[in-house]
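J.: Before we start, here is the structure in question, set down as structure tokens.
Readers should treat all values here as calculations from the given coordinates under stated rules, not as data from a laboratory. The structure presented is a predicted model; accordingly, all values stated were derived computationally and were not measured. Note that we place each Cβ from the backbone using ideal geometry, even for glycine, and neighbour counts take in every protein chain shown.
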Amino acid sequence: MPPSFSPIPTLARITRRLQARHPQRPLKGLTRLANTLDRWLPAYAGPVRFPDGTRMHLDSRNPAERWLIFSGDYQPALTHLLSQHTPRGGYALDVGANLGFYTLKFAQWTGPDGRVAAFEANPALAQRLEEQVTLNDFAHVAVVAQPVHSQAETLTFYISASPGKSSIHSAHVAAPTETLTLQAITLDAYLHQHDWPRLDVVKMDIEGNDCNALLGARETLARFRPVIVFEYWFSTPDTITQQVFD
């Protein structure tokens, strides 16, 4: 475990304030600075408070978490875009929630009268996601530890050495450290089961399975017409791509 004391939190509070002044783009040179400080300073693992008041437990030894510690924002342009389309009292889906940065953002933006569902298939990440939600007392957030797909079926899930890069597609995971058998869920089924009256925004990043997941949300998308931000892989079969975009 990292030592109990590290100057990283104090230095990172300064860099997070600087990043907050540039909400639509990463602060120039920040990645290099964060990596340099990581090499020379004791590591830090513990709570981090962001400018909006949300908190996360993060570990500076992990590159993605280190970036969050120093920047306070995973992808500034994406964060700004999503904030423009997430109303107070709104309903949001975070599909491929990872550690929950955008889950917590959605929860903060929607407020307690809104609702957020965060889907994370990697069990280790889903557990940490639950902890992040509990840390912030967000009772209006539900964590769903299942893969999202075009239909409810049993899938093989490949765990990557970089946990956020795990996928149901073996070709997307160079050297899986573990394989799991998981029951998939569709977004149509989830929203129907939980009687959602609206859906305002969807953020999706599930390592090459985004289009399949959208096919499992056709009724939801036609009914609510939400704003959707997702990751498109050019390796997606044409037959699936055509169904999504036609």
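J.: Once the piece of chain linking residue 24 and residue 225 is laid out straight, how much longer is it, given 0.36 nm per residue of separation minus the C-alpha distance between them?
T.: 69.8 nm
J.: Another question about this same structure. Just want to confirm a number: the relative contact order over region 76-245, from Cα pairs under 8 angstrom separated by 6+ residues, in percent.
T.: 21 percent
J.: Can you give the extra length, in nm with one decimal, that the chain gains between residue 156 and residue 181 once fully stretched, where that is 0.36 nm per residue apart less the Cα-Cα distance?
T.: Between residue 156 and residue 181, full extension yields an extra 8.5 nm.
J.: What are the semi-axes of the equivalent ellipsoid for region 131-246, taken as the square roots of 5 times the Cα gyration tensor eigenvalues, largest first, in whole Å?
T.: 23, 21, 13
J.: Next up: Each residue of region 177-184 in order: what ³J(HN,Hα) in whole Hz does its phi give by Karplus 6.51 cos²θ - 1.76 cosθ + 1.60, θ = phi - 60°, with x for Gly and Pro?
T.: With the stated coefficients, region 177-184 comes to 8, 6, 10, 10, 9, 10, 8, 7 Hz.
J.: Note the full-extension length gain between residue 140 and residue 52 as 0.36 nm times their separation in residues minus their Cα-Cα distance, in nm to one decimal.
T.: 29.9 nm
J.: Right, something else. Quick one: compute the contact order of region 5-158, relative version, from alpha carbon pairs under 8 angstrom and 6+ residues apart, as a percent.
T.: Relative contact order of region 5-158: 19 percent.
J.: Need one number: nm distance between label points at residue 234 and residue 198, each 7 Å from Cα along Cα→Cβ, rounded to one decimal.
T.: With each label placed 7 Å out from Cα toward Cβ, I get 3.9 nm.
J.: Sort 147-156, 121-130, 170-179 by the packing proxy (mean of other Cβ within 10 Å over each peptide's residues), most packed first.
T.: Ranked by mean Cβ neighbours within 10 Å, highest first: 121-130, 147-156, 170-179.
J.: Considering the options 209, 83, 134, tell which one lies farthest towards the positive end of the dipole of the chain, charges being +1 on Lys and Arg and -1 on Asp and Glu at the Cβ, about the Cα centre.
T.: Most positive-ward Cα: 83.
J.: What percent do you get for the relative contact order of region 8-71 when only Cα pairs under 8 Å and 6+ apart count?
T.: 41 percent
J.: On to the next question. Using only the alpha carbon atoms of region 8-71, find the Kirkwood hydrodynamic radius as the inverse mean reciprocal pair distance, in angstroms to one decimal.
T.: 11.7 Å
J.: For the chain, which longest stretch is free of loop sites, where a loop site is one of the chymotrypsin sites (Phe, Trp or Tyr not before Pro) that DSSP puts outside H, G, I, E and B and that has at most 10 other Cβ atoms within 10 Å?
T.: Counting at most 10 other Cβ atoms within 10 Å as exposed, the longest clean stretch of the chain is 6-233.
J.: Could you give log10 I(q)/I(0) at q = 0.18 Å⁻¹ for the chain, computed by the Debye formula over C-alpha point scatterers of equal weight, without solvent?
T.: Each listed q maps to, in turn, -1.46.
J.: Ok, one more. Dividing the convex hull volume of the Cα atoms of region 1-109 by its residue count, what figure in Å³ per residue is obtained?
T.: Taking the convex hull of the Cα positions in region 1-109, it is 96 Å³ per residue.
J.: Which far-off residues, 5 or more places away or on another chain, put their amide H under 5 Å from the one on residue 168, with H placed in the peptide plane?
T.: So residue 168 has HN proximity to 158.
J.: Something else: Treating each Cα of region 105-160 as an identical point scatterer and ignoring solvent, apply the Debye formula and state log10 I(q)/I(0) at q = 0.18, 0.19, 0.24, 0.31 Å⁻¹.
T.: Results for region 105-160 at q = 0.18, 0.19, 0.24, 0.31 Å⁻¹ read -0.66, -0.72, -0.95, -1.25.
J.: Only Lys, Arg, Asp and Glu count, each charged at its Cβ (+1, +1, -1, -1), so figure out the dipole size of region 1-155 about its Cα centre, rounded to 20 debye.
T.: Dipole about the Cα centre, nearest 20: 820 debye.
J.: Can you give the helix-only mean residue ellipticity at 222 nm for the chain, where every DSSP H stretch with n ≥ 4 adds -39500 (n - 2.57) and the sum goes over all residues, rounded to the nearest 500 deg cm²/dmol?
T.: -11000 deg cm²/dmol
J.: Right, something else. Once the Cβ-Cβ distance between residue 33 and residue 241 is put in as r, and R0 is 30 Å, what FRET efficiency do you end up with, to the nearest 0.05?
T.: 0.15
J.: Looking at region 1-72, which trypsin sites (Lys or Arg not before Pro) are in a loop (DSSP not H, G, I, E or B) and have at most 16 other Cβ atoms within 10 Å?
T.: Qualifying residues, ordered by number: 21, 28, 61.
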